[in-house]
Amino acid sequence: MIKLAVTGCYGRMGQRITELAANDKDFKIVALIESPNRTDVPATLHGISISRDINAIQGADVLIDFTLPDPTMNDLAACLKHGVRMVIGTTGLSDDQRGVIRNASEKIAIVQSTNMSIGVNVVFGLLKQMASVLKGYGVAITETHHIHKKDAPSGTAKTMAEVIEGVTGKAISDIASIREGEVIGYHKVRFEGSVDTIEISHNAKTRDMFAEGALAAAKFLAIKNKGFFNMQEVLGL
């Protein structure tokens, strides 16, 4: 049984991860952590006490973190201190922060991805294939999210661009970000040619798709001692 810790446990993603993990026989939740700055957090969630101290992760096998860049870096330091593996779903990380995460993976096992969804990672693979065949096509990316999302473009849109750029060698500057309502996540990539237009899109229906991917990543890490991994490797794609 995997001893799991979840930080940001009362956020949108944290609540879904906690709910699914609580009903998965492969996990035992040993720590739930929230920011001391939040005043709306109850004392317990699913009968488990919520701590305001990140050191509560001591003794856990894996920490799942969907928070914000600065808290994530603090959580990473605690994982290094206590030897806890880490699944990072936080977006908006700077190049320097990603470098720190890479360095930390020399001591602990880490899965870091801009999108934990199985479906989205399949799309990443399709985009790589499309970019290799549709040479000479213009590429435009549109992403839509809820009004609460802090970063723009989304991490997923950036990864889509990086996948295509890695094949074509051409930078993609046409990325449109829309923030409206409570949209969980909608991404569309358009390949524009002289004879046709081809589009591929992904629409997130519930946050469970991200939570399920994060738990799959936690199971993947449970047998790893150190190293840096992405969701493509977790899913064997």
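Quick notes
- Checked against the criterion of being charged (D, E, K, R) and closer than 22 Å to R12 by Cα, the candidates E143, E162 yield just one match: E143.
- Failed criterion for E182 (all others in (1) more than 30 Å from I29 (Cβ to Cβ); (2) surrounded by fewer than 14 Cβ atoms within 10 Å (Cβ to Cβ); (3) among the acidic types (D, E); (4) touching a residue at least 12 places away in the same chain (Cβ under 8 Å) hold): (1)
- Of all residues in the range 185-198, those satisfying the criterion of being farther than 30 Å from L4 by Cα and surrounded by 15 or more Cβ atoms within 10 Å (Cβ to Cβ) are H187, K188, V189, R190, F191.
- Residue check for K158: modelled with pLDDT under 95, under 15 Å from the mean Cα position of the chain (by Cα), not hydrophobic (A, V, I, L, M, F, W, C) and not in a helix (DSSP H, G or I): no
- Residues that are among the hydroxyl-bearing types (S, T, Y) and closer than 18 Å to R207 by Cβ, drawn from the range 20-70: T67
- Qualifying residue in the range 1-11 (condition: in a helix (DSSP H, G or I) and either of a type in the set (A, V, I, L, M, F, W, C) or out of contact with any His (no Cβ under 6 Å at 6 or more places or on another chain) (or both)): no
- Which listed residue is modelled with pLDDT of 95 or more and exposed (fewer than 12 other Cβ atoms within 10 Å of the Cβ), from N37, N55: N55
- Evaluation of Q232 against the conditions (1) surrounded by fewer than 17 Cβ atoms within 10 Å (Cβ to Cβ); (2) touching a helix residue (DSSP H, G or I) at 6+ places or on another chain (Cβ under 9 Å); (3) at pLDDT 95 or above; (4) not in a strand (DSSP E or B) shows that the sole unmet condition is (3).
- Boolean, S201 is surrounded by 15 or more Cβ atoms within 10 Å (Cβ to Cβ), among the hydroxyl-bearing types (S, T, Y), part of a strand (DSSP E or B) and modelled with pLDDT of 95 or more: no
- Considering the conditions (1) buried (at least 22 other Cβ atoms within 10 Å of the Cβ); (2) of a type in the set (S, T, N, Q); (3) closer than 18 Å to V234 by Cα, S105 is excluded by exactly one of them, (1).
- Here is the figure for the range 62-94: residues that are under 16 Å from the mean Cα position of the chain (by Cα) and outside any loop (DSSP other than H, G, I, E, B) total 15.
- Of all residues in the range 124-159, those satisfying the criterion of being among the aliphatic types (A, V, I, L, M), farther than 15 Å from K188 by Cβ and surrounded by 14 or more Cβ atoms within 10 Å (Cβ to Cβ) are A131, L134, A152.
- Near pairs, Cβ below 8 angstrom, 6+ apart or cross-chain, from the range 208-237 (at positive phi) to any residue that is of a type outside the set (A, V, I, L, M): G227/S105
The values are calculated or read from the model by the stated rules, or taken from the named source; none is laboratory data. Note that the coordinates shown come from a computational prediction; the quantities given were computed from them, not determined experimentally. Please note: Cβ atoms are built from the backbone with ideal geometry, for glycine as well, and neighbour counts cover all protein chains shown.
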